[in-house]
Amino acid sequence: MLSVETRTVVPRKVRSHSSIASHRSSSGERFQRPHCVHTAQSRPFAASNASRRMRARGTLRIGGPRTASESLYLGVFETRDVWPVVRADGVECALAVAHRDNDLTEFRVSLPAQAAGRKLMDVAIESPRPLLFGYAEVR
């Protein structure tokens, strides 16, 4: 149980976002326990605020490459062998491991030539197992 000092007092008429974490004190005032972790898989974890968990498929929209020599780089927090399928604007792209260390694998995705100069590009990613993404960038 939390002490009274660690509780956040919520005005009486303000509705709680989570009924499980909302309680009333003996005087009738509402208070909530602070939330430490997210429970939804579609949101980033509270500790990092910089990653997304993808179950099997995901799509993102990113700025396209300026030149044909640029590639898409995906940072995935996974060191086991996993080879996601990546499609840029519906075209399946070649994938190679650019870097792998203790907890991160960086994939270099060769983009199709017609993607050069586009302002936006849709990237679809499929994986046989859930992945935790750290970043996606064109460079």
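The values are calculated or read from the model by the stated rules, or taken from the named source; none is laboratory data. Note that the coordinates shown come from a computational prediction; the quantities given were computed from them, not determined experimentally. FYI the Cβ positions are ideal-geometry reconstructions off the backbone, even for glycines, and counts take in every protein chain you see.
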* To do: Can you tell me which residue among Leu111, Leu74 is touching a Phe, Trp or Tyr at 6+ places or on another chain (Cβ under 9 Å), modelled with pLDDT of 90 or more and not acidic (Asp, Glu)?
  => Leu74
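Kindly evaluate Asp122 against the criterion of being part of a strand (DSSP E or B) and at negative phi. Steps first, answer last, please.
Working: part of a strand (DSSP E or B): yes; at negative phi: yes.
Taking the combined requirement at face value, the residue satisfies it.
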* Asked: What are the residues in the stretch 55-95 that are in contact (Cβ under 8 Å) with a residue 12 or more places away in the chain, farther than 20 Å from Gly117 by Cβ, in a loop (DSSP other than H, G, I, E, B) and of a type outside the set (A, V, I, L, M, F, W, C), if any?
  -> Arg55, Glu78, Thr79, Pro84
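Would you say Leu132 is surrounded by 16 or more Cβ atoms within 10 Å (Cβ to Cβ) and closer than 13 Å to Gly75 by Cα? If you could, list the steps in order and put the result at the bottom.
On the way: surrounded by 16 or more Cβ atoms within 10 Å (Cβ to Cβ): yes; closer than 13 Å to Gly75 by Cα: yes.
Yes.
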* Criterion violated by Pro84 - all others in (1) surrounded by 12 or more Cβ atoms within 10 Å (Cβ to Cβ); (2) more than 17 Å from Met54 (Cβ to Cβ) satisfied -> (2)
